[in-house]
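What follows is a set of notes on a single structure, which appears directly below.
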Amino acid sequence: MSAMTRGLGAARVAFALLAVSALAVTFDQALHIGEGAANWFSYFTNLSNLFGAAVLLVGGLALLTGRGPIGDAWRGAAALYLAVTGIVYWTLLAGQERGDVIVWANVVVHAVMPVAALTDWLAGPPARPIRWVRGLPWLAFPLAYLAYSLLRGPFAHWYPYDFLDPRQPGGYLHVTTWALAVTAAFVFLMSLIVGLGNRLTGPGPMPVEELVSGTLTPIDPRP
């Protein structure tokens, strides 16, 4: 196993464990301040980081143990969800945190993990080009989350984000406007992630994960 392979695998595992640590302390805080587990699991930030941490951990262990690589579709979805998490936070929500926010954990889930997931995608682009339509299933989770938040809100009398709260000025028109804007951002970023991955995929050295797993046979350069 090459040093590059070990380094990439170790980096994936390290970022995954860092995210798990940040999520663990915020979950513990939610239980102690009365927010509760149900509300904690209703934040897209926490769900996207749980998903991203799982993808990085499985992908990292696959490299370190020489097992088959994790699918590019999983990695692309993780990059998308975390990218949106970071962008929405830094453009709409930054500065509105509660006074008891755990600063280091907040930075990890809103900045470190989005950067880590995108860097992992760009540093290890898909082994083969991904068709744009193959990125569309990545949108199923955000749309399901939107429906869940709007259906749960009236019963829980709680919404995870102000832009999903119809009790804010503008009511459901306000929510619809923001939902369409965020959905458009998901589609745009999905297209960008697929496009950048495909641009970086092409003739050249065999992808690290494929070399480790042996799932590709090197092409004989002889005519």
When residues of the stretch 1-36 are limited to those that are of a type in the set (A, V, I, L, M, F, W, C) and in a loop (DSSP other than H, G, I, E, B), the one least open to solvent (accessible area, probe 1.4 Å): ILE33
The stretch 49-76, residues that are of a type outside the set (Asp, Glu), within 15 Å of the chain's Cα centre (by Cα) and more than 19 Å from LEU17 (Cα to Cα): GLY71, ALA73, GLY76
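When you scan the stretch 165-176, do you find a residue that is closer than 15 Å to PHE44 by Cα and not in a loop (DSSP other than H, G, I, E, B), even just one? Please lay out each step first, then the result.
Step one: list which residues in the stretch 165-176 are closer than 15 Å to PHE44 by Cα, which gives 165.
From what's left, not in a loop (DSSP other than H, G, I, E, B): none.
No, the stretch 165-176 contains no residue that is closer than 15 Å to PHE44 by Cα and not in a loop (DSSP other than H, G, I, E, B).
In the list ALA105, ALA123, ALA77, which residue meets the criterion of being over 29 Å from GLU35 (Cβ atoms) and among the hydrophobic types (A, V, I, L, M, F, W, C)? Steps first, answer last, please.
On the way: ALA105 fails: over 29 Å from GLU35 (Cβ atoms); ALA77 fails: over 29 Å from GLU35 (Cβ atoms).
One residue alone meets the criteria, ALA123.
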Residue under evaluation ILE87, criteria (1) in contact (Cβ under 8 Å) with a residue 24 or more places away in the chain; (2) more than 23 Å from TYR161 (Cα to Cα), criterion not met: (2)
Matching residues, the stretch 113-131, being open to solvent by 30 Å² or more (accessible area, probe 1.4 Å), in contact with a helix residue (DSSP H, G or I) (Cβ under 7 Å, 6 or more places away or on another chain) and modelled with pLDDT of 95 or more: LEU118
Qualifying positions in the stretch 109-135 - of a type in the set (A, V, I, L, M) and over 15 Å from the mean Cα position of the chain (by Cα): ALA123, ALA127, ILE130, VAL133
Pair list, Cβ < 7 Å and 6+ apart or interchain, from the stretch 116-143 residues that are farther than 17 Å from PHE51 by Cβ and among the basic types (Lys, Arg) to residues that are open to solvent by less than 70 Å² (accessible area, probe 1.4 Å) and not in a helix (DSSP H, G or I): ARG128/THR201
The one condition in (1) in contact (Cβ under 8 Å) with a residue 40 or more places away in the chain; (2) open to solvent by 40 Å² or more (accessible area, probe 1.4 Å); (3) assigned to a helix (DSSP H, G or I); (4) not hydrophobic (A, V, I, L, M, F, W, C) that GLY68 fails to fulfil: (3)
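Considering only the stretch 3-36, how many residues are over 20 Å from the mean Cα position of the chain (by Cα) and without any contact (Cβ under 8 Å) to a residue 12 or more places away in the chain? Break it down into steps so the answer makes sense when it comes.
Of the stretch 3-36, the ones over 20 Å from the mean Cα position of the chain (by Cα) are 3-7, 28-36.
Keeping just the survivors that are without any contact (Cβ under 8 Å) to a residue 12 or more places away in the chain gives 3, 7, 28, 30-32, 34-36.
Here the count works out to 9.
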Conditions (1) out of contact with any Gly (no Cβ under 8 Å at 6 or more places or on another chain); (2) in a helix (DSSP H, G or I); (3) modelled with pLDDT under 95; number of the one not met by GLY99: (2)
Qualifying residue in the stretch 135-158 (condition: open to solvent by less than 40 Å² (accessible area, probe 1.4 Å), in contact with a Lys or Arg (Cβ under 7 Å, 6 or more places away or on another chain) and of a type outside the set (Asp, Glu)): no
Unique match (being over 23 Å from LEU18 (Cβ atoms), part of a helix (DSSP H, G or I) and among the hydrophobic types (A, V, I, L, M, F, W, C)) among VAL84, VAL133, VAL115, VAL88: VAL133
Which listed residue is open to solvent by less than 40 Å² (accessible area, probe 1.4 Å), of a type outside the set (A, V, I, L, M, F, W, C), within 13 Å of the chain's Cα centre (by Cα) and within 24 Å of SER149 (Cα to Cα), from ASN106, ASN46, ASN39: ASN46
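The values are calculated or read from the model by the stated rules, or taken from the named source; none is laboratory data. Fair warning: this is a prediction, and the values are worked out from it, not measured in the lab. Note that each Cβ is placed from the backbone with ideal geometry, even for glycine, and that neighbours are counted across all protein chains shown. The protein model used for the area step is the full one, side chains on, heavy atoms only, and it has no ligands, DNA or RNA in it. Shrake-Rupley method; radii C 1.70, N 1.55, O 1.52, S 1.80 Å.
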